[in-house]
1. Leaving out ligands, DNA and RNA, and with a 1.4 Å probe, what % of the accessible surface on the chain is carbon or sulfur?
2. Report the Cα-based extents of the chain along its three principal axes, largest first, to the nearest Å.
3. Test of understanding: given the chain, find the longest segment containing no chymotrypsin sites (Phe, Trp or Tyr not before Pro) that are in a DSSP loop and have at most 12 other Cβ atoms within 10 Å.
4. Using a 1.4 angstrom probe on the protein heavy atoms only, line up 20, 66 by accessible area, largest first.
5. Under a GNM of the chain (C-alpha, springs under 10 Å), which listed residue has the highest mean-square fluctuation: 27, 101, 84?
6. Applying the Karplus parametrisation 6.51 cos²θ - 1.76 cosθ + 1.60 with θ = phi - 60° to the phi angles of segment 23-33, what ³J(HN,Hα) value in whole Hz is obtained for each residue in order, glycine and proline being reported as x?
7. Could you sort 108, 58, 96, 43 by accessible area so the largest value comes first, with the probe set to 1.4 Å?
8. Given contacts defined as C-alpha pairs under 8 Å and at least six residues apart, what's the relative contact order of the chain, whole-number percent?
Amino acid sequence: MNEQRKLAYCAIREVSKGNHGSITKLLKIVGVTRQAYYKWLHREETVWESHDRLLKERVQYWFDFHYQGIGAGNILVNLQQDELIDFPVTFKQVRRVMRALNIRCQIRRKRHNRVKQAEQYLQDNVLNQNFDVSAPNEAWLSDSTELTYG
């Protein structure tokens, strides 16, 4: 059942308390049949829903217990040690519940501010500053100097 429909049913139940005949008008506004509403009203909670409800309570408890500084992995470790949780819990379930409760760890990972240095190429000084040549094209020289401006 989608969350919007469930919220609409809860709103109809709250508004129609003590108001005779208001259910019909509210159901017409929402666009739901009376049969669907009463089926939802008298339904029993499934095993999956009870596990999910308990999981949401315990995830919120452990998140608040650690002052909002615990992530999904550490919550999973705490849930596996928790005595109230008597069913297997996976990492994906914890992440889904955290997303549903809109909670996330307040501590961010440290990121090292490393800037890659430009590699420097140094050539051997073959001429040893001996520029005396006897014929043309014996020694060719170049100088590469980088100047930064601004």
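1. 50
2. Taking max minus min along each principal axis of the Cα atoms, the chain gives 116, 43, 25 Å.
3. 1-66
4. The ordering from most to least exposed comes out as 20, 66.
5. Maximum among the listed residues: 27.
6. These are the phi-based 3J(HN,Hα) values: 5, 4, 5, 5, 5, 5, 5, 6, x, 10, 6 Hz.
7. Sorted by accessible area, descending: 108, 43, 96, 58.
8. Value for the chain: 15 percent.
The values are calculated or read from the model by the stated rules, or taken from the named source; none is laboratory data. Keep in mind that what you see is a predicted model, and the values were worked out from it rather than measured. Ideal geometry is used to build each Cβ from the backbone, glycine not excepted, and the neighbour counts take in all protein chains shown. Areas reflect the complete protein model, heavy atoms only, side chains present, ligands, DNA and RNA absent. Shrake-Rupley method; radii C 1.70, N 1.55, O 1.52, S 1.80 Å.
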